[in-house]
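Encoded as structure tokens, the structure appears first; notes follow it.
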């Protein structure tokens, strides 16, 4: 289980990701290393499905991963707001550090370090 003392200086996390697929591999490996339940999501015939679903410390969290300056599509924003509207947690992130902040439940203190989003906590 991850905690606030999680060491991100591990060699495999030092270099920046080259693309979204590399970011997904990094998130997958981090979850495996820290005992976090993660499911890569895909919903054929349904556009806008968020990338990953996590269960951590009793929380159910959806995160859309984007590389670089990319942001969620309009359909993905609709999905984020729909999940939030039903009482769930849904976010987007563009690096591993941001995913860790979200999974730690520390969105509010690190809001400035996360990509701009409306209504982080509904």
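The values are calculated or read from the model by the stated rules, or taken from the named source; none is laboratory data. None of these values were measured; they are calculated from a predicted model. Methodologically, a virtual Cβ is constructed for each residue, glycine included, from the backbone with ideal geometry; neighbour enumeration extends over all protein chains shown.
Restricting attention to the stretch 40-66, the residues being touching a helix residue (DSSP H, G or I) at 6+ places or on another chain (Cβ under 6 Å), loosely packed, with under 14 Cβ neighbours inside 10 Å and either at pLDDT 85 or above or closer than 15 Å to residue 99 by Cβ (or both) number 0. Among all positions in the stretch 73-91, there is no residue which is in contact with a helix residue (DSSP H, G or I) (Cβ under 6 Å, 6 or more places away or on another chain) and at pLDDT below 90.
Just to check your reading of the model, which residue among 69, 12, 4 is modelled with pLDDT under 85, more than 21 Å from residue 105 (Cα to Cα) and loosely packed, with under 10 Cβ neighbours inside 10 Å? Walk me through it before giving the result.
Details: 12 fails: loosely packed, with under 10 Cβ neighbours inside 10 Å; 4 fails: more than 21 Å from residue 105 (Cα to Cα).
Exactly one of 69, 12, 4 is modelled with pLDDT under 85, more than 21 Å from residue 105 (Cα to Cα) and loosely packed, with under 10 Cβ neighbours inside 10 Å, namely 69.
The numbered conditions (1) more than 22 Å from residue 25 (Cβ to Cβ); (2) buried (at least 19 other Cβ atoms within 10 Å of the Cβ) are all true for residue 81 except (2).
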